[in-house]
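The structure appears right after this line, and notes come after that.
Nothing in this text is a laboratory measurement; each read-out follows from the coordinates by a stated rule. The structure presented is a predicted model; accordingly, all values stated were derived computationally and were not measured. Glycine also receives a Cβ, built like all others from the backbone with ideal geometry; neighbour counts cover every protein chain displayed.
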Amino acid sequence: SQQGEEDPQALSIQEGENATMNCSYKTSINNLQWYRQNSGRGLVHLILIRSNEREKHSGRLRVTLDTSKKSSSLLITASRAADTASYFCATGPSGGSNYKLTFGKGTLLTVNP
Amino acid sequence: DTAVSQTPKYLVTQMGNDKSIKCEQNLGHDTMYWYKQDSKKFLKIMFSYNNKELIINETVPNRFSPKSPDKAHLNLHINSLELGDSAVYFCASSYGTGSRNYGYTFGSGTRLTVV
């Protein structure tokens, strides 16, 4: 069964505003990753946060991880129209040698100019 | 310069036909994957190869057969196509099976439509 669940399913904001997306998961993880998918394109890796990390930044992106609540959030600050895309969280399992990412259903972010 | 390239980008075919999708990566990664994205954008892993060895084989109909001639290539052959096979198929690659420090690099996808 799928591991990550993003919330909300869809988000519409104005350019310049901040966008926050949440992800919840069910089992123990080694890391959690966020990806962006523009319409009709492949997924692009944005950021990876390990299970022993609580917060990570990359440019206008800020990711938090709360392993006690099994949740993560992705904050995009000062959004731009070009940020319009679907955003997916993906979890890497702890333990086991066959590493695979399990994806959620994504949040569709629309940034209006 | 394309890191993970898939061909074809679009594939329209009739039910019952057999088709193949090809994937190549020039990143030096040793692990490659096939994911299927359905109409609701849900991504599900199908197969994974590490250095030409099959390491992940999810519950997928045996009409789907992956082949990895070398660690830079992973192809997907589908026999007797059905309407339900219509989806976008993504190839991806990464470093190592036990690597937990790197993300995946995805191809741009192959949109398969079975009519």
How shielded is A:39-46 by partner chains, expressed as the average number of their Cβ atoms within 10 Å of its Cβ atoms?
6
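Compute the projected area of the convex hull of the Cα atoms of the protein assembly as shown, averaged over all viewing directions, and report it in nm² to one decimal place.
With the hull built on Cα positions only, its mean projection is 12.3 nm².
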Can you give the extra length, in nm with one decimal, that the chain gains between B:Y102 and B:D70 once fully stretched, where that is 0.36 nm per residue apart less the Cα-Cα distance?
9.4 nm
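Could you compute the net charge surrounding B:M46? Neighbours are other residues with a C-beta less than 14 Å from the C-beta of B:M46; K and R count +1, D and E count -1.
Net of charged neighbours comes to +2.
What dipole magnitude, in Debye to the nearest 20, does the protein assembly as shown give about its Cα centre under +1 on Lys/Arg Cβ and -1 on Asp/Glu Cβ?
Magnitude of the dipole: close to 120 debye.
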Treat chain B as a sphere of radius equal to its Kirkwood radius over Cα pairs and apply Stokes-Einstein at 37 °C in a medium of 0.692 mPa s; give the translational diffusion coefficient in µm²/s, rounded to a whole number.
233 µm²/s
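Based on the mean of other Cβ atoms within 10 Å per residue, sort peptides B:9-18, A:29-38, A:104-113 so the most packed one is first.
Final packing ranking: A:29-38, A:104-113, B:9-18.
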Diffusion coefficient, µm² s⁻¹, Stokes-Einstein with Kirkwood Rh over alpha-carbon pairs of chain A at 20 °C and 1.002 mPa s:
153 µm²/s
Student exercise, segment B:11-90 dipole from Lys, Arg, Asp, Glu Cβ charges, in Debye to nearest 20:
140 debye
Any idea which of B:P69, B:S86, B:G107 is furthest toward the positive side of the dipole for the protein assembly as shown, if Lys and Arg beta-carbons carry +1 and Asp and Glu beta-carbons -1?
B:P69
